[in-house]
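Laboratory data are not the source of any read-out in this text; all were calculated from the coordinates shown. None of the values given here were measured: they were computed from a predicted structure. Because the Cβ atoms are built from the backbone with ideal geometry, glycine has one as well, and the counts that use them run over all protein chains shown.
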Amino acid sequence: MLVSPNGNPPRVTTGLSYYTVRALTFTDGIEIARSYHRTVYCPGDDISEAPQEVKDVAGVLWTTAVIEAYKASLVDPVLETTSALPATEKKTD
């Protein structure tokens, strides 16, 4: 089962869906190691390889409107950087 570190099911935050896999290692019944791996999916991402729980959540919450709103909220870092640069002066010899 997919759980977050506190044992809760997959979460959805601001349209993003994520899940955490907790791996526990035991020796002679004693926990000797613990690790977590979190995967995040944004509205509109390819979730074909995601666990079924994530697909179920995305299928309900990721409407066309949500996907479009999420994509519209993204800022193109190249455009932001380029527009912030001063115009270069032409050399005339």
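One table, with the values for the structure above:
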item	result
Peptide ranges 16-26, 63-73 listed from the most packed, as the mean C-beta count within 10 angstrom indicates	16-26, 63-73
Simple spin-label estimate for Ile30 and Ala72 in nanometres, 7 Å along Cα-Cβ	5.9
For the range 63-72, 3J(HN,Hα) per residue [Karplus equation, 6.51 cos²θ - 1.76 cosθ + 1.60, θ = phi - 60°, Hz, x = Gly/Pro]	6, 4, 4, 5, 4, 5, 5, 5, 4, 5
Relative contact order, percent, the range 11-74 [alpha-carbon distance under 8 Å, six or more residues apart]	31
